[in-house]
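Since the structure comes first, as structure tokens, the remarks are kept for the end.
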Amino acid sequence: MNCGSFVFQSYAFDESSGLLRLHYRFSGASEFEEIIQFPLLERVLSPIEREALDRAFRLLFLLAGVSYYKALAPEFLRCDAFELDPQTASFVEEVYARGLAEFAYRNGLDMRSRAKFDRALLVARAPRALAWDQPHRLGVPIGGGKDSLLSLELLKQAGEPLTLFAVGSLSAGVAAPIQAALDRADAQSAVALRQLSPRLQELNAHGALNGHVPITAIVSAIALATAILQGWNAIVMSNERSANIGNIDHDGIDVNHQYSKSFAFEDAFATYVNSYVTKSISYFSLLRPLSEASIAARFAKLSHWHDCFRSCNTAFRQEQARRSKFWCCSCPKCRFVFLALAPFLSRNKLVRIFGRDLLDDLAQTLGYEDLCGLRSHKPFECVGEIQECAALMHRLSTLPAWRDALVVQDLSQRLVAPLEGFDQAWAKQMAPDYALPHRVPDAYRELLEFSGIT
């Protein structure tokens, strides 16, 4: 179908209800309305804050459109809602191209020739970022898994003022693992609820293109608007260094399922916000210098979270009726989290958490071969990098509690050893790496070395 362009049609925010309405369409085709319910405003915004909020809404409007754009993935983007500048256009094009790389790979598309704004329609330059005195309070997005819960504990133990932030569904509410974290955390919380246009589901049912979108980019933009509404001076993400590593190189394109969790996105988003939206709110990932394995080692000591955390995607489906109450034990995330925690928890406890011993089940072998690089490429999921998984599997083969597990016995004999050897590779995985690019402020680095958790 020739749909011409994907059009950013209009957006409108009702301060009294906290509802933001986003309207999109394909030229000559389908129209969409997305609704986002923000926490009700409990303070009076200054004129400069209102201007910054509008800029944040514009950014959110542009990034959230990726969910609808992908249905037909036309060549051109067009913004009818406001005049667009080259800086914003370039940033949005980058997020669409890199954030939809997996979608394009699976659907046989080339994003290098798609999702482009007409440069002739752009205004000269983006306005400079606004600044005002913002009180010190951290907004901490919570996803219900081990990473964000570790960030929460590190910041709480440091005495940092914080508000937990979550995004849920307007119709189904917040997913159970996230709600359990909010209920148990003994901290302030703010929740935004998102409702995708039902027209998108109709198009998907009739064969529209579908696939992975850079959801963390959208959540980050929602968090930015919430930070202005709530009065936070920082948004603290919980993305680790493993997210920087892509899944596959395809025709010179780095296809990274976790692009919007990578440092590349973090740095681009933070730079854009501080250049063109506001200098009063910082954006960084506290855990960026850590590997997934080192995060797991720290989280293993947070026993009060072990009965309610969950990373399995089945818990976070849009429709409440399709949300699972347990780990599915058959997806890459379940396999990886089980593997990551195995060196640091007793075997009995880990099996109680998941309900099954994934490493003593030969039906899981192919999945673990993918994780450890013994088949094709890293699974398209939020999992650790291949060398990290191999180091974890080798580590288990040296531990009496795990070396007799069927999957460990099988794979440990076939792992490809790194050049420096498994022992040195393990030591590298367990230590923070500040030489890698990160945006963690100096004042927060010591939290990663906190003796009560590390």
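The values are calculated or read from the model by the stated rules, or taken from the named source; none is laboratory data. Note that the coordinates shown come from a computational prediction; the quantities given were computed from them, not determined experimentally. Every residue, glycine as well, gets a Cβ built from its backbone with ideal geometry; the counts of neighbours run over all protein chains shown. Just the protein is used for accessible areas: all its heavy atoms, side chains included, with ligands, DNA and RNA removed. Shrake-Rupley method; radii C 1.70, N 1.55, O 1.52, S 1.80 Å.
Computed values, structure above
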{"quantity": "Net charge of neighbours whose Cβ lies under 14 Å from the Cβ of T271, counting Lys and Arg as +1 and Asp and Glu as -1", "calculated": "0"}
{"quantity": "Accessible area (Å², 1.4 Å probe, nearest 10) - L109", "calculated": "40"}
{"quantity": "CD proxy at 222 nm, helix term only [per DSSP H run n ≥ 4: -39500 (n - 2.57); per residue of the chain; nearest 500]", "calculated": "-10500 deg cm²/dmol"}
{"quantity": "Coordinate range along principal axes, alpha carbons of the range 233-388, Å, largest first", "calculated": "52, 42, 34"}
{"quantity": "Computed accessible area, S303, all protein chains, 1.4 angstrom probe, square angstrom", "calculated": "70"}
{"quantity": "For D183, solvent-accessible area (1.4 Å; no DNA, RNA or ligand), Å²", "calculated": "110"}
{"quantity": "Residue-normalised accessible area of the range 376-454, given per residue in Å² at a 1.4 Å probe", "calculated": "52"}
{"quantity": "Over the range 353-441 - Rg/Rh using Cα atoms and the Kirkwood inverse-distance radius", "calculated": "1.01"}
{"quantity": "Fraction of antiparallel bridges per DSSP, the chain only, in percent to nearest 5", "calculated": "50"}
{"quantity": "Solvent-accessible area per residue for the range 197-296 (1.4 angstrom probe, square angstrom)", "calculated": "28"}
{"quantity": "Distance between the range 352-382 and the range 164-206 - C-alpha centres, whole angstrom", "calculated": "28"}
{"quantity": "D_trans [Stokes-Einstein, Kirkwood Rh over alpha-carbon pairs] for the range 10-79, 4 °C, 1.567 mPa s, µm² s⁻¹", "calculated": "96"}
{"quantity": "Rh (Kirkwood; distinct C-alpha pairs) - the range 1-146, Å", "calculated": "17.1"}
{"quantity": "Per DSSP, loop trypsin sites (Lys or Arg not before Pro) in the range 1-109 with at most 16 further Cβ within 10 Å", "calculated": "R43"}
{"quantity": "The range 116-258: C-alpha pair distances exceeding 28 Å, %", "calculated": "37"}
{"quantity": "Accessible surface, 1.4 Å probe, highest first, among residues S113, S16", "calculated": "S16, S113"}
{"quantity": "Solvent exposure ordering (accessible area, 1.4 Å, most first) of F422, F299", "calculated": "F422, F299"}
{"quantity": "Accessible surface of the chain [probe 1.4 Å, protein heavy atoms]: carbon and sulfur percent", "calculated": "49"}
{"quantity": "Ranking by accessible area, most exposed first, for R112, R439, R119 with a 1.4 Å probe", "calculated": "R112, R119, R439"}
{"quantity": "Distance between the range 1-40 and the range 65-95 - C-alpha centres, whole angstrom", "calculated": "13"}
{"quantity": "The range 39-90: GluC sites (Glu not before Pro) in DSSP loop, at most 14 other beta carbons within 10 Å", "calculated": "E42, E75, E83"}
{"quantity": "Square roots of five times the Cα gyration tensor eigenvalues for the range 214-322, Å", "calculated": "24, 21, 17"}
{"quantity": "Principal axis dimensions, the chain - Cα atoms, whole angstrom, descending", "calculated": "64, 51, 43"}
